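The values are calculated or read from the model by the stated rules, or taken from the named source; none is laboratory data. Keep in mind that what you see is a predicted model, and the values were worked out from it rather than measured. Counting neighbours? That spans all protein chains shown, and the Cβs are built from the backbone with ideal geometry, glycine included.
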There are 2 protein chains.
Amino acid sequence: MVHIPDRSTVPPPAPRSVPTSADVARLAGVSRATVSYVLNNTSAVRISEPTRRRVRAAAKELGYVPHAAARSLRAGHSRMVLMPAPEVPAGPLYSQFINELQWALGRLDYTVVQYGQVGLRGDEAARAWAELRPVAVLLPGGGLGPEGVAVLKRSGARAVVTMGVERIEGAHALLMNHAEVGRSAAVHLYGRGRRRIGVVMPEEPGLEAFSNPRLEGVRRALEGTDATVTVLPLAYEEESAAELAARWGELNLDSVFAYNDEYAMLLMRALQDNGVAIPGDTAIVGADDLMLGRLLRPRLTTVHLELPSGRALAELVDQAVQNDTAPPEVRQVLGAHVIPRDSS
Amino acid sequence: MVHIPDRSTVPPPAPRSVPTSADVARLAGVSRATVSYVLNNTSAVRISEPTRRRVRAAAKELGYVPHAAARSLRAGHSRMVLMPAPEVPAGPLYSQFINELQWALGRLDYTVVQYGQVGLRGDEAARAWAELRPVAVLLPGGGLGPEGVAVLKRSGARAVVTMGVERIEGAHALLMNHAEVGRSAAVHLYGRGRRRIGVVMPEEPGLEAFSNPRLEGVRRALEGTDATVTVLPLAYEEESAAELAARWGELNLDSVFAYNDEYAMLLMRALQDNGVAIPGDTAIVGADDLMLGRLLRPRLTTVHLELPSGRALAELVDQAVQNDTAPPEVRQVLGAHVIPRDSS
C-alpha cells in the first residue's frame, strides 16, 4: 500500500539557515580557529597553503560571510565611521563634501555608513548608533548631549567628532563659523554703499542652525554703523517669492543677503519680474558659490564657503581614532570670502 | 626601603573595555538570560517589576548598549535596510527621494543605512554589505551579479530589490524606464515641428546608466520619421557649454533635449549669450522638473519623472521582506510626461 501524505500535514520547508564559521570548519575538516585565521588573513599563525585553499573553497561553497560585528569584537574595533543621514535633503555643496569625505576615508581603509533613522534624537539616537559599534562617529550639526557622547565611547567609539556651531563635552569639535558667512556679505554690501540691508531667512525647517548665525553675523558687522537690517522670511517657492517681491517698494531696501545662491536665484527672478533692477535698485548676495550663480544674469555675487577638504577631515578623524586618549580638540574649520560678480 | 618603580616598566593602562550583558548581570545580581529578557522587552517570560528595574538601573549605570548584531541573531533578522551610497553626488531629485524613502521605512520600523565604501564593486561589495546582516538591500542602479544576490540571501537578507534598467537573477526589480524620458521629449519636439534634434550626453562619469537609455528613447521615437538626431557631449562646466555654443551655427539644429534641467540651464545660458534665440532659433527641453527650470527666462520645458513615492516603495520592500519565499517580482516604476513651458 502506498501512503499518500495529506498535503496539509507536510512540514513547511526548513528555514534558510545562515552558514556559520562552524559549517565552514566542518566542511574543510579544520578547527573554527583555523577558519578564523585564514579568512582574516592572520599572519601570526602558520597555516599551510593547501589548508588555506581548502578553507577558502569551503567558505565559497557555503557562501559564508564573516559577521562584521563578530569580526570587530575580535579585532577590538571596527573600521566603520558612522554619520547620521541629514534630515533635510542635502544641498549640492553638502552632497559633494560627503562624497569627498567618503573617498578620503575609504583610502584610509574606513567605511562610511550614513545612518538614517527618522525621529530619533539626542541620546536615544546615540544608543541606536552605538549598537552598530562604529569606531568613530561624525556628526554634522549638533543635537547630541554629553551623555550621548559617553554612550558612544563606552560602546567602543574611539572618536566622536562634531561639525557644527557649538561644542559638546567629550567630543572633538570642528566649529563651523556661519556668522562669518553673514559678516562677509554685510561688509561687502556696506563697502559698496548699501545701507538698508535685508536678510533672507528660509522658512523651511532644519536650516535655523545656519540661518540664525548668518543673520547674527550680519547684525554684528553692522553694529554701530548707519545701516539697518531687515529680516525677510522666505519659503523656497515661487509664490512666497512673488509675495515678497510685491511688497518690495514698502520695504525700502537697497540690498539683500539671500541666505544662499538658491534663495538668491528665487528672489532675484521675482524681483526682476516686478521691474526691480538688479543691482541698480537692489543688490543681491548669495552664498555657496554654486554653478547656477554664474549662469544668472546679472551674474550672482556670492559668499564662497571654505569647507575643510574631505581629505583633511578624513585625516583628522583617523588621528582622533589613533590617539583616542588625547583630550578633545576644537578647531575652526569654516572660512568665508565674497566673490564679487555683477549682482551687487 | 621604598621601591620606586622604573616608569618604563609600569604596565600601560588597561584598555577601556566595552560593558557586556555579563557585566550588567553581575551588577544586578541576575542571570544573563534575565538581562536579555528585560532589555529586549520579552513578554514571554515573567520577571518581577523590581528585578526589571534593577536590570535597567545596572545597564544605565554601566552604559550598556545591546549589540545590534547579537540582537539580530536572537531575533532572527535585523530591521536594517541597506542601500549603497551613490558614487556620484546625488542630485536634488534623488536626495529628496531617498529622504522620503527613509521616512516611510522609518514609519514601518526599519532603519535605512547608506553604505559608502569606495571602489568596492559587484559581488565583492555584496560580501561587505552582507557583513552587516541587513534584512533587505535596496540597490539604485545595477552592478551586482546573481552571485552577489545569493551571498546576500545566504547571509540573511530576505529581499534584494534593484531599481535600475535591468533585472538581476534572484532579485526583485523595479525597472526604471529611462528610454521613456527621451521618448517623451522627442515626441514633444517633433510635435512642435522640430526636425533637427540634438541630444546632450553628459561627460561626467556615472551618468551613462541614465543618458544611454534616454538617447535610445529619442532615437526609437524618431525612427522612420524625417527627423535627425545629433549627439552632443557636454561637461557640466561653463567652458564646455561655451565651446558647444560657439559651433552651434555649424550644427544646424532647431532643438535640443538637454539630458536634465541643470544641463539645460547651462546650455541655454551659453546659447543666449551667443545670440541664439530660445525657442525661436532653438527649442530646449530639460528633465527632472526642478524649481530652477521655472525660474529661467524663457521658462524651461521639462520632462517630469514619475518616480514611485517613498511610501509605495517602502511598502513594497516590507512586503518583499515578509513574503521572502515568493519569487522575485518585476515592476515598471518610472513614468514620464512633458511639462510644456516657454522654451520649446
(request) Looking at (1) touching a strand residue (DSSP E or B) at 6+ places or on another chain (Cβ under 8 Å); (2) surrounded by fewer than 19 Cβ atoms within 10 Å (Cβ to Cβ); (3) closer than 29 Å to residue A:92 by Cα; (4) within 14 Å of chain A (Cβ to nearest Cβ), find the lone condition where residue B:266 falls short. (result) (2)
(request) Examine region A:223-230 for a residue that is over 25 Å from residue A:334 (Cα atoms), modelled with pLDDT of 95 or more, part of a helix (DSSP H, G or I) and out of contact with any Lys or Arg (no Cβ under 7 Å at 6 or more places or on another chain), and state whether such a residue exists. (result) no
(request) Would you check which residues across region B:190-220 are among the aliphatic types (A, V, I, L, M) and more than 21 Å from residue B:343 (Cα to Cα) and list them? (result) B:207, B:209
(request) With the condition kept exactly as written, say whether any residue in region B:216-238 is over 19 Å from the mean Cα position of the chain (by Cα) and basic (Lys, Arg). (result) yes
(request) Examine region A:249-258 for a residue that is without any contact (Cβ under 8 Å) to a residue 40 or more places away in the chain and of a type in the set (A, V, I, L, M), and state whether such a residue exists. (result) no
(request) Look at residue B:312 and say whether it is within 13 Å of chain A (Cβ to nearest Cβ) and not in a loop (DSSP other than H, G, I, E, B). (result) no
(message) Every residue in region A:292-320 that is of a type in the set (A, V, I, L, M) and under 21 Å from the mean Cα position of the chain (by Cα), please.
(response) A:303, A:305, A:307, A:312, A:313, A:314, A:316, A:317, A:320
(request) Hey, can you tell me all the residues within region B:272-288 that are at positive phi and surrounded by fewer than 19 Cβ atoms within 10 Å (Cβ to Cβ)? (result) B:275
(request) Hey, can you tell me all the residues within region A:280-295 that are in a loop (DSSP other than H, G, I, E, B) and out of contact with any Gly (no Cβ under 9 Å at 6 or more places or on another chain)? (result) A:280, A:289
(request) Can you confirm whether region B:314-327 contains a residue that is of a type in the set (A, V, I, L, M), surrounded by 14 or more Cβ atoms within 10 Å (Cβ to Cβ) and within 25 Å of residue B:266 (Cα to Cα)? (result) no
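Residue-by-condition table, conditions (1) surrounded by fewer than 19 Cβ atoms within 10 Å (Cβ to Cβ); (2) modelled with pLDDT under 90; (3) within 14 Å of chain B (Cβ to nearest Cβ):
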| position | (1), (2), (3) |
| --- | --- |
| A:117 | no, yes, yes |
| A:131 | no, yes, yes |
| A:137 | no, no, yes |
| A:144 | no, yes, no |
| A:157 | no, no, yes |
| A:191 | yes, no, no |
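Out of all the residues in region A:95-108, is one or more among the hydroxyl-bearing types (Ser, Thr, Tyr) and closer than 22 Å to residue A:318 by Cβ?
Checked region A:95-108: no residue is among the hydroxyl-bearing types (Ser, Thr, Tyr) and closer than 22 Å to residue A:318 by Cβ.
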(request) Filter region A:212-243 down to the residues that are within 14 Å of chain B (Cβ to nearest Cβ) and out of contact with any helix residue (DSSP H, G or I) (no Cβ under 7 Å at 6 or more places or on another chain), then identify the one that is surrounded by the fewest Cβ atoms within 10 Å (Cβ to Cβ). (result) A:239
